[in-house]
Amino acid sequence: MIEGTLILESLQEGSELKGYPIRVRSMRREKADLSLEQIAAGLPSLWSVIDFEMEDERAFELAEALSRFLEPTGWYASFQSTTESFIVFSGRIFQYPRGDASGRAEAQAYGREMGIPEIQLNWAV
């Protein structure tokens, strides 16, 4: 079983994530803690957050779809199975064993390069 979080505002206009048996665990609207760079890039300050779960046999397929649908600037999606973590950026997927500090550090470094503030690079290990 994978568990993850998706911010709807991170998806490109016209994107449709279809055919994935995602179960919504919770949905909420929350004020984002944005960096000055994110504000300048036009990221919205109010986010629609979906916490989801899905059977893990299609985890990489979901990561590939998200890598095509995510906005290219300042966004990522994350989810994890019991054994692996997936951090997905537009056009880039990081997949590493849970607890692998070097895999996490590599994904976080990429996130910093993309202008994502440190406080938002806090996904589950």
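The values are calculated or read from the model by the stated rules, or taken from the named source; none is laboratory data. Fair warning: this is a prediction, and the values are worked out from it, not measured in the lab. Cβ placement follows ideal geometry from the backbone for every residue including glycine, while neighbour counts extend to all protein chains displayed.
Would you mind telling me which numbered condition in (1) modelled with pLDDT of 95 or more; (2) assigned to a loop (DSSP other than H, G, I, E, B) Gly42 fails?
Looking at each condition in turn, Gly42 falls short on (1).
Report yes if some residue within segment 105-125 is in contact (Cβ under 8 Å) with a residue 24 or more places away in the chain and under 18 Å from Arg25 (Cα atoms); otherwise report no.
Yes, some residue in segment 105-125 is in contact (Cβ under 8 Å) with a residue 24 or more places away in the chain and under 18 Å from Arg25 (Cα atoms).
Can you tell which of Arg23, Arg112, Arg104, Arg29 is of a type in the set (Lys, Arg) and surrounded by 19 or more Cβ atoms within 10 Å (Cβ to Cβ)? Steps first, please.
Working: Arg23 fails: surrounded by 19 or more Cβ atoms within 10 Å (Cβ to Cβ); Arg112 fails: surrounded by 19 or more Cβ atoms within 10 Å (Cβ to Cβ); Arg29 fails: surrounded by 19 or more Cβ atoms within 10 Å (Cβ to Cβ).
After ruling out the rest, the residue left standing is Arg104.
Select from segment 27-39 the residues that are more than 14 Å from Gly4 (Cβ to Cβ) and either touching an Asp or Glu at 6+ places or on another chain (Cβ under 9 Å) or not in a helix (DSSP H, G or I) (or both) and list them in ascending order. Break it down into steps so the answer makes sense when it comes.
Step one: list which residues in segment 27-39 are more than 14 Å from Gly4 (Cβ to Cβ), which gives 28-39.
Matches in segment 27-39: Arg28, Arg29, Glu30, Lys31, Ala32, Asp33, Leu34, Ser35.
So which residues in segment 115-124 are at negative phi and surrounded by 12 or more Cβ atoms within 10 Å (Cβ to Cβ)? Please lay out each step first, then the result.
Taking segment 115-124 first, the residues at negative phi are 116-124.
Answer for segment 115-124, where residues must be at negative phi and surrounded by 12 or more Cβ atoms within 10 Å (Cβ to Cβ): Ile116, Pro117, Gln120, Leu121, Trp123, Ala124.
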